[in-house]
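Visitor: One structure coming up, written as structure tokens, with questions to follow.
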Amino acid sequence: MNIRFLFLITIFTYISFESTAQALLDDEDTTFITVGGAVRFNTIYTIYEGKTSPLPTENRNGFFWDTFRLEANGQTKNVGIDFEYRFYPGFNTHFVKKAFLFHDFSDQLQMQLGVTQVPFGKLEFSGNSWWFHLPYYFGLEDDYDTGLKFKWQKENWTYHLAYFLMAEPRGVSEPDYGSFASARYSYDVIPSDGYNGNKERNQVNARAEYEKGKFLIGLSGQFGEIFNSNIGKSFAHWATAFHSQYAVNKVARINFQLTHYDYPNSIDDAGNSVDYVNMGAYGFDTYQVASSATTFSLGLSYEYKLEWGPISSLTFYDDYSYMYKYGSIEILGEEYKFVDSQQNILGFMVTAGNTYTFFDIASGINQPWLSNAFGGNALSSGRGENVNGRVGVTEEGAINAPLEKPTINTRFNINIGYYF
């Protein structure tokens, strides 16, 4: 009896029980449709590998078009749709973020079918800033996949149970810019060449959350398959998370999450045993992520209400993540332990009507976005002594070992978005 059959039996049994336990929603006309979206602009100033950006440079020290997105959601009686499509001109890519049908069996039970958010960890995301926490960059925060999800709310409890056949469909990207399969919003395991190799398949998620008063706590579990189309074999992966939130008062919150994941027996696209998996998003080439790691994330936020022209609030925050990796890499017979990754985002958000502006000081060690050498080995072995080269043996025969004490890279980022 395979995992999909067991999952379907569980779902149908659950629905039957729920339908007998309470009445369905009233059969009244609740038809509506809304259309919206957002336009966002960005500017950055960087200090990477101890060097600042020269003036002028593309996408630096000047505002550029970050994102344009279109949204639509509607409902007729108890059946509805939720859709969002995103364009990233600076990355030469566009793709579906979410696209699912939903049905309300009752006030407490909802089903979603399509490209929907994976119920894992703090929802919708645990971070406060434009950057998220580190788990986003290895597919365990604000992840979207293709499948079937149920959400059940009962008093102080919220439960999720989901089955995902595969990751979300790839979008469109420039072939010279990066892997075709990386044209997507959330980071997924994808082939490094964009066609053949490792792909996400048959994933099950379960999540439970309890909220009462100032406290919120939750547990999440994930188990799935990575199918290698080159050799026709699969290997498993699993993850678990504990998350919590404490509302100090109406304007101050503390978020905490502990996340662990593992891809035991992971292989590369050619079928060789390795201590990493390839992931990608936003139309870039893939980068390596350690096959096993534990991540600690802490977020602090404080919202200050005011009336200053159109500005209604300032939200101050600090988001920190530490990623402890369990792997190692062998270079010419010598083992080098993976070097951990860290990220800290200190900033504030300005709310003015439908305009939201993030001012962030993003600092990181082996953070894939915070470097002139994007991606690479940052989330696996850590970047090498030659930051721009892959860790291992170079074409000239030299050793590029992981840098034991990498530098802290910093980026000042301003993102202005108007939501309609």
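Visitor: If we keep just the residues of region 296-324 that are among the hydroxyl-bearing types (Ser, Thr, Tyr) and open to solvent by 70 Å² or more (accessible area, probe 1.4 Å), which is nearest to GLY353 (Cα to Cα)?
Guide: The initial filter retains those residues of region 296-324 that are among the hydroxyl-bearing types (Ser, Thr, Tyr), namely 297, 301-302, 304, 312-313, 315, 317, 320-322, 324.
Add one more test, that the residue is open to solvent by 70 Å² or more (accessible area, probe 1.4 Å), and what stays is 302, 304, 322, 324.
Values: TYR302: 19, TYR304: 15, TYR322: 35, TYR324: 40 Å.
Filtering region 296-324 for residues that are among the hydroxyl-bearing types (Ser, Thr, Tyr) and open to solvent by 70 Å² or more (accessible area, probe 1.4 Å), the one nearest to GLY353 (Cα to Cα) comes out as TYR304.
Visitor: Taking only region 339-361 into account, find how many residues are under 17 Å from the mean Cα position of the chain (by Cα) and either surrounded by fewer than 23 Cβ atoms within 10 Å (Cβ to Cβ) or within 17 Å of GLY417 (Cβ to Cβ) (or both).
Guide: Quick first cut of region 339-361, residues under 17 Å from the mean Cα position of the chain (by Cα) only: 341-345.
From what's left, either surrounded by fewer than 23 Cβ atoms within 10 Å (Cβ to Cβ) or within 17 Å of GLY417 (Cβ to Cβ) (or both): 342, 344-345.
Qualifying residue count, region 339-361: 3.
Visitor: Also, I was wondering about something else. Is there a residue being open to solvent by 60 Å² or more (accessible area, probe 1.4 Å) and either on the phi > 0 side of the Ramachandran plot or of a type outside the set (Ser, Thr, Tyr) (or both) anywhere in region 286-295? Before the answer, list the steps.
Guide: Restricting attention to region 286-295, the residues satisfying the condition of being open to solvent by 60 Å² or more (accessible area, probe 1.4 Å) are none.
No, there is no match, as no residue in region 286-295 is open to solvent by 60 Å² or more (accessible area, probe 1.4 Å) and either on the phi > 0 side of the Ramachandran plot or of a type outside the set (Ser, Thr, Tyr) (or both).
Visitor: GLU141 is checked against (1) acidic (Asp, Glu); (2) part of a loop (DSSP other than H, G, I, E, B); (3) farther than 21 Å from SER266 by Cβ and fails just one. What number does that condition carry?
Guide: Single failed check for GLU141: (3).
Visitor: Okay, moving on. Do you know which residues across region 115-132 are of a type in the set (Phe, Trp, Tyr) and either surrounded by 23 or more Cβ atoms within 10 Å (Cβ to Cβ) or under 10 Å from the mean Cα position of the chain (by Cα) (or both)? Explain how you work it out, then say what you get.
Guide: Of region 115-132, the ones of a type in the set (Phe, Trp, Tyr) are 120, 125, 130-132.
Correct list: PHE120, PHE125, TRP131, PHE132.
Visitor: Quickly run through region 195-217 and pick out the residues that are on the phi > 0 side of the Ramachandran plot and in a loop (DSSP other than H, G, I, E, B).
Guide: In the first step, residues of region 195-217 are kept if they are on the phi > 0 side of the Ramachandran plot; the result is 197, 202, 213.
Across region 195-217, the qualifying residues are GLY197, GLY213.
Visitor: So which residues in region 258-277 are open to solvent by 10 Å² or more (accessible area, probe 1.4 Å), at pLDDT 95 or above and either over 27 Å from LYS233 (Cβ atoms) or touching a Pro at 6+ places or on another chain (Cβ under 8 Å) (or both), if there are any at all?
Guide: LEU258
Visitor: So how many residues does region 208-222 have that are surrounded by 16 or more Cβ atoms within 10 Å (Cβ to Cβ) and within 17 Å of the chain's Cα centre (by Cα)?
Guide: Adding up the residues that qualify gives 2.
Visitor: Pull up region 161-183, narrow it to residues that are surrounded by fewer than 18 Cβ atoms within 10 Å (Cβ to Cβ) and touching a residue at least 40 places away in the same chain (Cβ under 8 Å), then point me to the one that is nearest to THR116 (Cα to Cα).
Guide: Looking at residues that are surrounded by fewer than 18 Cβ atoms within 10 Å (Cβ to Cβ) and touching a residue at least 40 places away in the same chain (Cβ under 8 Å), I get PRO169.
Visitor: From the list SER186, SER192, SER220, exactly one residue is under 22 Å from THR294 (Cβ atoms) and either free of Cβ contacts under 8 Å to residues at least 24 places away in the same chain or not in a strand (DSSP E or B) (or both). Which is it? Lay out the reasoning, then the answer.
Guide: Working: SER192 fails: under 22 Å from THR294 (Cβ atoms); SER220 fails: either free of Cβ contacts under 8 Å to residues at least 24 places away in the same chain or not in a strand (DSSP E or B) (or both).
Exactly one residue qualifies, and that residue is SER186.
Visitor: Give all pairs with beta carbons closer than 7 Å in which a residue from region 383-397 that is over 20 Å from GLU335 (Cβ atoms) meets a residue that is open to solvent by less than 100 Å² (accessible area, probe 1.4 Å); count only pairs at least 6 apart in sequence or on separate chains.
Guide: Pairs that qualify, where the first residue is over 20 Å from GLU335 (Cβ atoms) and the partner is open to solvent by less than 100 Å² (accessible area, probe 1.4 Å), are VAL387/GLU49; VAL387/SER371; VAL387/ALA373; ASN388/ALA373.
Visitor: Scanning for something without any contact (Cβ under 8 Å) to a residue 40 or more places away in the chain and surrounded by fewer than 24 Cβ atoms within 10 Å (Cβ to Cβ), does region 152-159 turn up at least one residue?
Guide: So the first thing to find is which residues in region 152-159 are without any contact (Cβ under 8 Å) to a residue 40 or more places away in the chain, and the list is 155.
Checking the rest, the ones that are also surrounded by fewer than 24 Cβ atoms within 10 Å (Cβ to Cβ) come to 155.
So far as region 152-159 goes, yes, one or more of its residues are without any contact (Cβ under 8 Å) to a residue 40 or more places away in the chain and surrounded by fewer than 24 Cβ atoms within 10 Å (Cβ to Cβ).
Visitor: Could you pull out every one of the strands (runs of 3 or more DSSP E) wholly within region 63-135 that has 1 or more residues that are modelled with pLDDT under 95? Give the derivation first.
Guide: On the way: elements: 64-76, 79-88, 93-104, 109-117.
Ranges flagged: 64-76, 79-88, 93-104.
Visitor: As an exercise: evaluate TYR336 against (1) hydroxyl-bearing (Ser, Thr, Tyr); (2) more than 19 Å from the chain's Cα centre (by Cα); (3) more than 23 Å from HIS260 (Cβ to Cβ) and give the number of the one condition it does not meet.
Guide: With (1) hydroxyl-bearing (Ser, Thr, Tyr); (2) more than 19 Å from the chain's Cα centre (by Cα); (3) more than 23 Å from HIS260 (Cβ to Cβ) applied to TYR336, the lone miss is (3).
Visitor: Go through the residues of region 130-139 one by one and say whether even a single one is in contact with a His (Cβ under 9 Å, 6 or more places away or on another chain) and of a type in the set (A, V, I, L, M, F, W, C). So that I can check it myself, show each step before the final result.
Guide: Residues of region 130-139 in contact with a His (Cβ under 9 Å, 6 or more places away or on another chain): none.
Scanning region 130-139, I find no residue that is in contact with a His (Cβ under 9 Å, 6 or more places away or on another chain) and of a type in the set (A, V, I, L, M, F, W, C), so the answer is no.
The values are calculated or read from the model by the stated rules, or taken from the named source; none is laboratory data. All values reported here derive from a predicted model rather than from experimental measurement. Note: ideal-geometry Cβ built from the backbone for every residue, glycine included; neighbour counts use all protein chains shown. With ligands, DNA and RNA removed, areas are computed over all heavy atoms of the protein, side chains included. Shrake-Rupley method; radii C 1.70, N 1.55, O 1.52, S 1.80 Å.
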